[in-house]
Amino acid sequence: MGTTARGSAPGGEIEEMLDAHEQLAQRIVDREAELPPRSPGALPDDLRPAAAGRPLAAVVEALGKVLDRTPSAASPRFFNQLFGGRDRAATLAEMLVPLTNTSMYTFKVAGTQVLLEQEVLARMTRFAGFPDGEGSLTPGGSLSNLLAMMIARNEALEHAREEGVGGRATAVYTSDQGHYSIRKNAGILGLGRRAVREIPSDHRGRMRVEALRSALLRDRADGILPLMINATAGTTVLGAFDPISEIADLAAEQGVWLHVDGALGASALLSPQHRGLLEGVDRADSLTWNAHKMMGVPLSCSALLLRRRGLLTGHLNEQADYLFQADHDALNPGTRSIQCGRRNDALKLWAAWMHHGDEGYRQRIDKLFALARHAARRIAGDPAFELLLEPESINVCFCVRGHSSPALCRTLDQRRVLKIGHGMALGRRAIRLVCVNPDLDETAIDAALDSILETAASLSPPTGGTISESGSCGANNVV
Ligand code: ABU
């Protein structure tokens, strides 16, 4: 203790690094109220590594230039994605992660961080209603879904882990509003993208259970093995919740793995007011839950939770005696993860949960839902807008009458007014306002909506194009 190992960086360089970090962090915060200039195209020469290195001060200067051109998801003008805002406790913890440069495979290397990870995963499994469950943090919702699909595949095809799928025709079911990772993962896992059945959704964007039943029975009759049903809790565009309880009944009756993709919506489990949206999730076999969405933890922080303990070891464990040398496997998460070297995503989630507690998180989730309801009321009350439907969670989908949603979003971006996107839902192409930043209030939401109308009004004649079947909104139905 107390001695400085030979070869560690001299104190002056550490101070220079920390000072620069503070200055650059402040620069981000000072500028994020406005969106940066859009500067696609070639990287300037002074931002390219060269044969000769540069002093740290030059790198700091280059970093400043990069940051000046980078949008911040904490900006009050950012509504583009299913994440946004800045959680102070989580961000503070995240900024410390590279200083220890922990890899989360063994207790020997990661120390107490392993226990923190186990603690947050246990907390999530309890909220999911998996008292004997387990979990793993992954690099994102797509990877959590991949892990769930791999386990579902191996459980249904007992030789798959050792021998592969072997040409067996299989099927995976998700709604037509489900996330694209289900298709992508089917390709990755050797099932083939065509194995994915996109089940029609209803007028609220929820999977039609009778259509699911028909598809399942049809496949069985054709000798195709149903591997997994994916119910979505919080669809990407509408934020809709599939009827998990009804789907769980069908999955149990048919003996099919039920996965819930709650990347967006599982955080509603933290709110007694909204957790009913996931009723039946405790009967699912697996659940994806992204803490980097409604829980506000910096990207990325996703969990795959399993109702039965032991599946992760059973489907992921490998011998590696150069790595797993100390401690029981229970303390070595590398025996249960999809990655080998694995960054520490637990510390930021643990810090946020320490700071907010369950009660703070309840308030946060309730606030986000309330902001979305406010936006929907405001949109429904203004004839210039058309609300697609009442939001079920935090995504508010709407159009500006007579305007193309893609063209309007493009103009809002080019003029640095708002970062906001659009999506197809219920046969329409709508603007999607994601109310995921709890630092915003109703006034900020109103300001964003006002700026959309002002920008639309400045586009005269409307940003039309051709009339399209997939259409946008209103009488002029232009795209
Ligand atoms: N995987 C999340 C989808 C990205 C987004 O719509 O924000």
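The values are calculated or read from the model by the stated rules, or taken from the named source; none is laboratory data. Computed from a predicted structure; not experimentally measured. Methodologically, a virtual Cβ is constructed for each residue, glycine included, from the backbone with ideal geometry; neighbour enumeration extends over all protein chains shown. Heavy atoms of the whole protein, side chains included, go into the accessibility calculation; ligands, DNA and RNA do not. Shrake-Rupley method; radii C 1.70, N 1.55, O 1.52, S 1.80 Å.
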Axial C-alpha extent at least 27 Å, average Kyte-Doolittle at least -0.5 - helices from the chain (DSSP): 346-380
Positive dipole terminus of the stretch 102-344, leading residue within Leu116, Leu323, Pro200 (C-beta point charges): Pro200
Partner lysines for Lys367 [C-alpha distance under 18 Å; skip if fewer than 8 residues away on the same chain]: Lys293
Lys/Arg +1, Asp/Glu -1 at C-beta; the chain dipole; positive extreme among Ile247, Trp257, Leu412: Leu412
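So how strong a dipole does the stretch 1-159 carry about its Cα centre when Lys and Arg Cβ are +1 and Asp and Glu Cβ are -1, to the nearest 20 debye?
240 debye
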Three-way shape call for the stretch 102-344 based on the alpha-carbon gyration tensor, with the a/c threshold at 1.5: oblate
Probe 1.4 Å - accessible area at Glu390, Å² to nearest ten: 130 Å²
MRE, 222 nm, helices only [DSSP H, n ≥ 4, -39500 (n - 2.57), over the chain, to nearest 500]: -12500 deg cm²/dmol
Efficiency of FRET from Cβ geometry, Ile28 and Met424, R₀ 41 Å, rounded to 0.05: 0.75
For the stretch 166-314, share of DSSP beta bridges that run antiparallel, in % to the nearest 5: 30 percent
Charge dipole of the stretch 102-344 about the Cα centre (unit charges at C-beta), most positive-ward option of Ser300, Leu269, Ser337: Ser300
Placed amide H near Ala291: partners under 5 Å, 5+ positions off or other chain: Cys301, Ser302, Ala303
Lys, Arg +1 and Asp, Glu -1 on Cβ, resulting dipole of the chain about Cα centre, debye, nearest 20: 880 debye
Straight-distance crosslink candidates among lysines, where the alpha carbon sits under 26 Å from Lys108 and sequence neighbours closer than 8 are dropped: Lys348
Centroid-to-centroid separation of the stretch 255-296 and the stretch 235-254 [C-alpha atoms, Å]: 11 Å
5 angstrom amide H check on Arg197, placed H, neighbours 5+ away: Val172, Tyr173, Thr174
